[in-house]
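The values are calculated or read from the model by the stated rules, or taken from the named source; none is laboratory data. These numbers come from a predicted model, not from an experiment. No Cβ is skipped: glycine too gets one built from the backbone with ideal geometry, and neighbour counts run over all protein chains shown. Quick note on the areas: whole protein, heavy atoms, side chains included, nothing else; ligands and nucleic acids left out. Shrake-Rupley method; radii C 1.70, N 1.55, O 1.52, S 1.80 Å.
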Amino acid sequence: MLGVGQGGVRAVRRDAGEIRLTDRDLWALRWIGEQYAVRMDQLARLLGSQPRGKTSIEGTLSERRTRRIVERWTQARLVETRKILYAEPGWVWLSRAGLRAVGLQVKYLVPRPMWLSHVFWCGEVRRRLEADGHDFEWRSERLLHAFGSEFNPHHLPDAELTRDNTTVAIASRGTGRGIGRADWFPVGGCESAH
């Protein structure tokens, strides 16, 4: 196919109009999928940790830039979005195609209003730990549901965090007034084999 350029006729790229994903896109999409969903304001802070340019507020992408990224993902059919609760920003979660694209073999779920606060606070604990530069492996509640926990199969924590061969269970407690808190406790009092 030929197009008209400044110097005359030029070939149109074969992949013109296709969405090209960046490493940041793949990282953020995987993060969203592991956490079930993310609220738009939380996503702005998550993406702001890898801004790819200047930001007005350090560590946070603007609402406009965040929306553009989500629109690209939506156009590629990787995510679905919806404003679920009246007084809160909208939510983003991976579509079936998005789960496949990032290699997550978990059940597709549409967020339910009754668990959005819990999902938000679990994600916020993870995001803040990552923003502080901690080096750890995080296994979210979603991954624990899908693949199990070697430590406590009867009651799954909100996440398991492994660092320096020690695994702790995470129980997040959102208060609605700031970050809330996260309770940490050793899982079974043993070290992880991971």
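Which of the residues spanning region 94-123 are under 23 Å from residue 71 (Cα atoms) and either in contact with a Ser or Thr (Cβ under 8 Å, 6 or more places away or on another chain) or acidic (Asp, Glu) (or both)? Answer for region 94-123, where residues must be under 23 Å from residue 71 (Cα atoms) and either in contact with a Ser or Thr (Cβ under 8 Å, 6 or more places away or on another chain) or acidic (Asp, Glu) (or both): just 108.
Only a single criterion out of (1) outside any helix (DSSP H, G or I); (2) over 15 Å from residue 35 (Cβ atoms); (3) open to solvent by 60 Å² or more (accessible area, probe 1.4 Å) is not satisfied by residue 107, namely (2). From the list 29, 21, 43, 47, the one residue that fits, being at pLDDT 90 or above and either β-branched (Val, Ile, Thr) or assigned to a loop (DSSP other than H, G, I, E, B) (or both), is 21. The sole residue among 126, 100 that is assigned to a helix (DSSP H, G or I), touching a strand residue (DSSP E or B) at 6+ places or on another chain (Cβ under 6 Å) and not hydroxyl-bearing (Ser, Thr, Tyr) is 126. Going residue by residue through region 83-93, is there one that turns out to be open to solvent by 70 Å² or more (accessible area, probe 1.4 Å), out of contact with any strand residue (DSSP E or B) (no Cβ under 6 Å at 6 or more places or on another chain), of a type in the set (Ser, Thr, Tyr) and more than 30 Å from residue 166 (Cβ to Cβ)? Among the residues of region 83-93, at least one is open to solvent by 70 Å² or more (accessible area, probe 1.4 Å), out of contact with any strand residue (DSSP E or B) (no Cβ under 6 Å at 6 or more places or on another chain), of a type in the set (Ser, Thr, Tyr) and more than 30 Å from residue 166 (Cβ to Cβ), which makes the answer yes. Of the residues making up region 94-104, just one is open to solvent by 70 Å² or more (accessible area, probe 1.4 Å) and either free of Cβ contacts under 8 Å to residues at least 12 places away in the same chain or in contact with a helix residue (DSSP H, G or I) (Cβ under 8 Å, 6 or more places away or on another chain) (or both), namely 100. The number of residues in region 132-168 that are under 28 Å from residue 48 (Cβ atoms), touching a Lys or Arg at 6+ places or on another chain (Cβ under 8 Å) and in contact (Cβ under 8 Å) with a residue 40 or more places away in the chain comes to 3.
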